[in-house]
Amino acid sequence: ESLGSLQTRYQDEKLQKFLKEATLMDPRFKGKLDEGEAADIWDRLEKAAVANATAAVEQPPIEDPQADRVVDDAEMKPEKYPRTVQKSALEKLFEDEDRQLKEDAASHTAGRVPSITEQ
């Protein structure tokens, strides 16, 4: 469809801007917009990108309200029941093989005579 029929079909100004931006960035529609309109759209996109990037950079760091809090000895003790780390699916799948490899490696290094370079 041509841009003229899109303008009659989609009356909302925000939607028209979006469609023109999409048209400009899509290589299949290169040359469908006149140069002046394309320059205006690129300008608008560049300003939006710069504003978005600077807004992300200028955000103040989030302060932890408990950062200055004094920690007593009771809080420093390790947990009575330490949390277990959830294993991934691959870790669960190869758990037996990994255990066997670790045991083999430990027994191999325990009964092994050091080489000349290691002595």
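How far is it, in nm, from the label point at K102 to the one at A48 when both lie 7 Å from their Cα along the line to the Cβ?
5.2
Be a star and scan the stretch 9-49 for residues whose amide nitrogen sits under 15 Å from the point 7 Å along the Cα-to-Cβ vector of V57.
Within reach of a label on V57: 47-49.
Using θ = phi - 60° and the Karplus curve 6.51 cos²θ - 1.76 cosθ + 1.60, what whole-Hz ³J(HN,Hα) does each residue of the stretch 10-15 get, with Gly and Pro shown as x?
So the Karplus estimates, Gly and Pro as x, are 10, 7, 5, 5, 5, 5 Hz.
Less than 14 Å Cβ to Cβ from L45, Lys/Arg counted +1 and Asp/Glu -1: what total charge do the surrounding residues give?
-2
Quick check: net charge around F18, other residues with Cβ under 13 Å of its Cβ, Lys/Arg +1 and Asp/Glu -1?
Neighbour charge sum, excluding F18 itself: 0.
How much net charge surrounds L90 when only other residues with a Cβ under 14 Å from its Cβ are counted (Lys, Arg +1; Asp, Glu -1)?
-3
Just so you know, all these numbers are worked out from the coordinates, no wet-lab data involved. Only a predicted model underlies this, so the values are computations on that prediction, with no experimental measurement involved. Note that each Cβ is placed from the backbone with ideal geometry, even for glycine, and that neighbours are counted across all protein chains shown.
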